[in-house]
């Protein structure tokens, strides 16, 4: 297992602090820090988005984020901080921040891209888009539902 001091993960209802998350991965030996900051935008296609709402199966989501962090630390010589918000996210607010520090930019870019892709593939966090005239769980076309909605 990768040294736990090389990664941090967080799932929270609180606003994400980009400066704090970035500072946690910087080392003197690093020549690069790559930041992915997923920000809630005001539109999807031709719909005016009002806000997003995220739900998670938190114990499993935390476990999966940790697996991803361990995997990228083992694959590349990096430190990583992954933070995901749940709950209501306003326009302009961050929902996902991934910060990767590395001695070289190539590994930082690759680790960042890989982590964001894996998060979307395997972490049980669901997004509901609230827009003018309605709302939709993203992925509904495939029958995708948060756990809390399946039991009804």
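Just so you know, all these numbers are worked out from the coordinates, no wet-lab data involved. None of the values given here were measured: they were computed from a predicted structure. Positions of Cβ are backbone-derived with ideal geometry, glycine not excepted, and every protein chain shown enters the neighbour counts.
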**Message:** Cut-off 10 angstrom, C-alpha nodes, Gaussian network model of the chain. Which of 31, 133, 101 fluctuates the most?
**Reply:** 133
**Request:** Give the shape of segment 56-106 as rounded, prolate or oblate, defined through the alpha-carbon gyration tensor: a ≥ b ≥ c are the square roots of its eigenvalues, a/c under 1.5 means rounded, and otherwise the shape is prolate if a/b is larger than b/c and oblate if not.
**Result:** oblate
**Request:** For every helix of n ≥ 4 consecutive DSSP H residues, a contribution of -39,500 (n - 2.57) applies; sum these over the chain, divide by its total residues, and give [θ] at 222 nm rounded to the nearest 500 deg cm²/dmol.
**Result:** -9500 deg cm²/dmol
**Complete:** Looks like segment 4-132, by Cα gyration tensor root eigenvalues a ≥ b ≥ c and the a/c under 1.5 rounded cutoff (else prolate when a/b is bigger than b/c, oblate otherwise), is prolate
**Prompt:** Using the 10 angstrom Cβ neighbour count as an exposure proxy, how do 50, 21, 65 rank, fewest first?
**Reply:** 50, 21, 65
**Asked** So what's the angle, to the nearest 10 degrees on a 0 to 90 scale, between helix 105-122 and the longest Cα principal axis of the chain?
**Response** 30 degrees
**Asked** If you stretched the chain out fully between residue 105 and residue 48, how much longer would it get, using 0.36 nm times the residue separation minus the C-alpha to C-alpha distance?
**Response** 16.9 nm
**Message:** Considering only C-alpha atoms, what is the centroid distance from segment 73-87 to segment 88-124, in Å?
**Reply:** 7 Å
**Complete:** Under a Gaussian network model of the chain whose springs join Cα atoms within less than 10 Å, the largest fluctuation of 51, 131, 36 belongs to 131
**Request:** Choose one answer from 42, 28, 77: the residue with the largest mean-square fluctuation in a GNM of the chain with alpha-carbon springs under 10 Å.
**Result:** 28
**Asked** By how many degrees, 0 to 90 and rounded to 10, does the Cα axis of helix 58-75 deviate from the longest principal axis of the chain?
**Response** 30 degrees
**Request:** With a point put 7 Å past each Cα toward its Cβ, work out how far residue 24 is from residue 37 in nm, to one decimal.
**Result:** 1.7 nm
